[in-house]
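The values are calculated or read from the model by the stated rules, or taken from the named source; none is laboratory data. The shown structure was predicted, so the numbers you read here are calculated from the model rather than taken from an experiment. Counting neighbours? That spans all protein chains shown, and the Cβs are built from the backbone with ideal geometry, glycine included. Accessible surface is based on the protein model in full, side chains and every heavy atom, while ligands, DNA and RNA are left aside. Shrake-Rupley method; radii C 1.70, N 1.55, O 1.52, S 1.80 Å.
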Amino acid sequence: MSTSEEHISVFGKKQIRESALFPPKEKDVLDAVLQENQGYTLNEAKQLIKLFLTKEVI
């Protein structure tokens, strides 16, 4: 592993939802898009929020 990969933290859905880094609106989105038994980096969580909020509604 490279040095930059060694310092990337992965968090579970509950940890991310309880984080003070996301406002309530984004926590609601995270609750819908994150899987229970999977880990996410904060960057991945932010990308999923952005994707969800910009997705075309049919």
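Which residue is modelled with the lowest pLDDT, if the candidates are limited to segment 18-45 and must be among the polar types (S, T, N, Q) and surrounded by fewer than 11 Cβ atoms within 10 Å (Cβ to Cβ)?
Among those residues, the one meeting the criterion is 37.
Within segment 46-58, take every residue that is among the aliphatic types (A, V, I, L, M) and closer than 26 Å to residue 7 by Cα and give me the one that is most open to solvent (accessible area, probe 1.4 Å).
It comes out as 51.
Contact list please: Cβ distance under 6 Å, first residue in segment 21-36 and over 11 Å from residue 49 (Cβ atoms), second residue open to solvent by less than 80 Å² (accessible area, probe 1.4 Å), pairs at least six apart or on different chains.
Short answer, once both residue conditions are applied: 36/13.
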